[in-house]
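**Q** Quick one: the structure is below, and I'll ask about it shortly.
The values are calculated or read from the model by the stated rules, or taken from the named source; none is laboratory data. As the structure is a computational prediction, the values presented were derived from the model and not from experiment. Glycine also receives a Cβ, built like all others from the backbone with ideal geometry; neighbour counts cover every protein chain displayed.
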Amino acid sequence: MLIVLVVLWACLQTGLTQLLELGDCPKLAVEQNFDLKKYTGCWYSIFAFNTEAFQGNGNCVLAHYSSSPESGKVIVYNEQISSNGKLNSINGTAIPEDKNKKEGKLKVTLNIDVLKYKIPVTSNYWVLVTDYYNYAVVCSCFTIKLTHTLACFILSRHVTLSEEFKKKIDVYLKAAGIPWSRFKQVDQTNCGSHKCN
């Protein structure tokens, strides 16, 4: 119930109730034989859709994932430069949805700021396809009563994504029924020292 309230609150606060679509979340194929250790590291968000409620209109968006062997979790640290020039960040943890399956389905818990309180919110994080070294397509979906909201990201290990990898991603997106037209480019220019090391 908490996740429903947080998503609805975020949509209302940003005027983005149009993010809600009728029906359940789509059934999307995810990466099989997923290697979480290889997936860790730093990623640039290159294209995204339906992410405004969660990251506003920020640019220079980075996602850092590091393994925590003692807890068996992945430490999540996302950051961006907001439209007012401030560095914003959010942190949390990720675990495999089912430890017995080697697939790209994770549960991510992020500490979301809601009315000046940090509230842990857990959502799905589906790695649809990745080659680990260059690109990844990631989606998250919430079902809210008779509707759902789907947010997707195209991530890159580099500040830009080559045409070669865009073509590979395009083949996957067409097969999954996710049109490129839904994505908008995330601004990764004028980021100064704010980059993956």
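**Q** Is segment 69-78 home to any residue that is in contact with a helix residue (DSSP H, G or I) (Cβ under 6 Å, 6 or more places away or on another chain) and within 23 Å of L161 (Cα to Cα)?
**A** So far as segment 69-78 goes, no, none of its residues is in contact with a helix residue (DSSP H, G or I) (Cβ under 6 Å, 6 or more places away or on another chain) and within 23 Å of L161 (Cα to Cα).
**Q** Moving on to the next point. Identify all residues within segment 113-158 that are at pLDDT 90 or above and polar (S, T, N, Q); write none if there are none.
**A** Passing the criteria: N124, T130, N134, S140, S156.
**Q** Let me ask something else. For G85, which of the numbered conditions (1) closer than 28 Å to S162 by Cα; (2) touching a strand residue (DSSP E or B) at 6+ places or on another chain (Cβ under 9 Å) fails to hold?
**A** With respect to (1) closer than 28 Å to S162 by Cα; (2) touching a strand residue (DSSP E or B) at 6+ places or on another chain (Cβ under 9 Å), G85 is out only on (2).
**Q** Return only the number of the condition from (1) of a type in the set (G, A, S); (2) more than 16 Å from the chain's Cα centre (by Cα); (3) modelled with pLDDT of 95 or more that S83 does not satisfy.
**A** Going through the list (1) of a type in the set (G, A, S); (2) more than 16 Å from the chain's Cα centre (by Cα); (3) modelled with pLDDT of 95 or more, S83 breaks only (3).
**Q** On the basis of being within 23 Å of D131 (Cβ to Cβ) and either touching a Ser or Thr at 6+ places or on another chain (Cβ under 9 Å) or at pLDDT below 95 (or both), does Y77 make the cut? Show your work before the answer.
**A** Working: within 23 Å of D131 (Cβ to Cβ): yes; either touching a Ser or Thr at 6+ places or on another chain (Cβ under 9 Å) or at pLDDT below 95 (or both): yes.
Answer is yes for this residue.
**Q** Still on this model: If you check every pair at least six apart or on different chains, which have Cβ atoms under 7 Å apart with a residue in segment 180-197 that is more than 12 Å from V159 (Cα to Cα) first and a residue that is in a loop (DSSP other than H, G, I, E, B) and of a type in the set (A, V, I, L, M, F, W, C) second?
**A** Every condition considered, no pair remains.
**Q** All but one of (1) farther than 21 Å from Q185 by Cβ; (2) hydroxyl-bearing (S, T, Y); (3) exposed (fewer than 15 other Cβ atoms within 10 Å of the Cβ) hold for T109; which doesn't?
**A** (3)
**Q** Would a scan of segment 80-102 turn up a residue that is under 23 Å from P69 (Cα atoms), of a type outside the set (S, T, Y) and touching an Asp or Glu at 6+ places or on another chain (Cβ under 7 Å)?
**A** no
**Q** Next question. When the residues of segment 35-70 are narrowed to those that are of a type in the set (S, T, Y) and in a loop (DSSP other than H, G, I, E, B), which ends up modelled with the lowest pLDDT? Steps first, answer last, please.
**A** Going through segment 35-70, the residues of a type in the set (S, T, Y) turn out to be 39-40, 44-45, 51, 65-68.
Retained after the next criterion (residues that are in a loop (DSSP other than H, G, I, E, B)): 40, 51.
Values: T40: 96, T51: 66.
The extreme case among them is T51.
**Q** Sticking with this one: Scan segment 114-123 for residues that are touching a residue at least 12 places away in the same chain (Cβ under 8 Å) and surrounded by fewer than 16 Cβ atoms within 10 Å (Cβ to Cβ) and report the count. Step through it out loud before you land on a result.
**A** Pass one, segment 114-123, residues touching a residue at least 12 places away in the same chain (Cβ under 8 Å): 114, 119-123.
Still in the running and surrounded by fewer than 16 Cβ atoms within 10 Å (Cβ to Cβ): 114, 119-120, 122.
Adding up the residues that qualify gives 4.
**Q** Considering only residues that are over 19 Å from K27 (Cβ atoms) and buried (at least 19 other Cβ atoms within 10 Å of the Cβ), look in segment 131-145 and name the one that is nearest to the chain's Cα centre (by Cα).
**A** Step by step, filter segment 131-145, then rank; the result is A136.
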